[in-house]
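Working notes for the structure below.
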Amino acid sequence: MGGSPAHQRHMLSNLAAALFEHGKITTTEARARRLRPYAEKLITFAKRGDMHARRQVLTVVPDKGIVHNLFTEIGPSFADRPGGYTRITKLGPRKGDAAPMAVIELVREEVSAARPRRRTRRAGAAPATAAAPAAEETAAATAEGAGAEDADIADVDDSEAETFAAESPEAEVETPEAEAEDAEDDEDEGDEATAESDEAEVTDEADEGPEEAADDADDDKDGQ
């Protein structure tokens with residue numbers, strides 16, 4: 001800013017008074033940066049609103065009309081804003097000496113509900129974090145599938161056991177009858193086989209009788 005410390009204090013006092021009176025002023029970028037914390041400190045005093053704060057502001061801004069406006073209008077308008085009462089907008093270089101210019105103004109927008117900040121995760125940590133739930137879901141699905149298969153197998157075993165238990169008494173009851181029928185069938189087959197063998201022997205004897213008699217007669221003739 002240049003000049004002595006006393007000159008800088010007077011310059012900042014005049015700039016703050018002009019800012020509170022008009023709402024915004026155009027000055028160099030360096031002065032706007034120096035004015036911003038200075039003016040916001042005075043606005044904080046105005047938000048307090050007590051007599052001690054008013055007297056402290058009067059030591060910096062001697063104009064009572066501007067101080068009254070600061071405490072009655074500007075201070076209460078920033079009651080819900082925790083900070084950031086001013087805004088600096090760059091304008092570019094000034095004609096002549098090419099000094100960078102800027103506009104410093106009071107923020108008049110209402111405070112909106114602040115969104116909670118979300119921490120940015122590293123690129124390498126995000127896939128690992130995403131892979132963990134996927135692995136857990138896969139393991140849970142596998143466990144559920146295995147449990148369902150075990151339940152199905154248990155149901156099948158139970159049904160087979162019930163079927164076997166239901167059929168086994170009938171099998172035990174029918175076993176003696178089946179054995180008796182088998183024994184009768186075996187006896188009938190044995191009788192049939194014996195009868196057939198007897199008939200075959202009788203038939204053979206009948207066939208061989210005349211032939212043997214003829215042979216005996218021939219033998220007798222030859223002997224005579």
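None of the figures in this text is laboratory data; all of them are computed from the coordinates on show. Since we're looking at a predicted model, the values are computed, not measured. Cβ: placed from backbone, ideal geometry, glycine included. Neighbour counts: every protein chain shown.
The slack between HIS7 and ILE88, meaning 0.36 nm per residue of separation minus the straight C-alpha distance, is 26.9 nm.
With q set to 0.10, 0.20 Å⁻¹, the log10 of I(q)/I(0) for the stretch 5-106, from the Debye formula over equal scatterers at the Cα positions, is -0.27, -0.98.
Long-range amide H contacts for ARG94: which residues qualify at under 5 Å (H placed 1.01 Å from N, peptide plane, sequence gap of 5 or more or a different chain)? Under 5 Å from the amide H of ARG94: ALA99, MET101. Between ARG119 and ALA18, the distance separating the two model label sites (each 7 Å from Cα on the Cα→Cβ line) works out to 4.7 nm. Cross-link pairs exceeding 24 Å between alpha carbons, from the set LYS41/LYS64; LYS41/LYS95; LYS24/LYS90; LYS41/LYS90: LYS41/LYS95.
With r defined as the distance between the Cβ atoms of ASP97 and ASP50 and R0 fixed at 41 Å, what FRET efficiency is calculated, to the nearest 0.05? The formula returns an efficiency of 0.40 here. Our summary gives the stretch 5-106 a relative contact order of 37 percent, counting only alpha carbon pairs under 8 angstrom and 6 or more residues apart.
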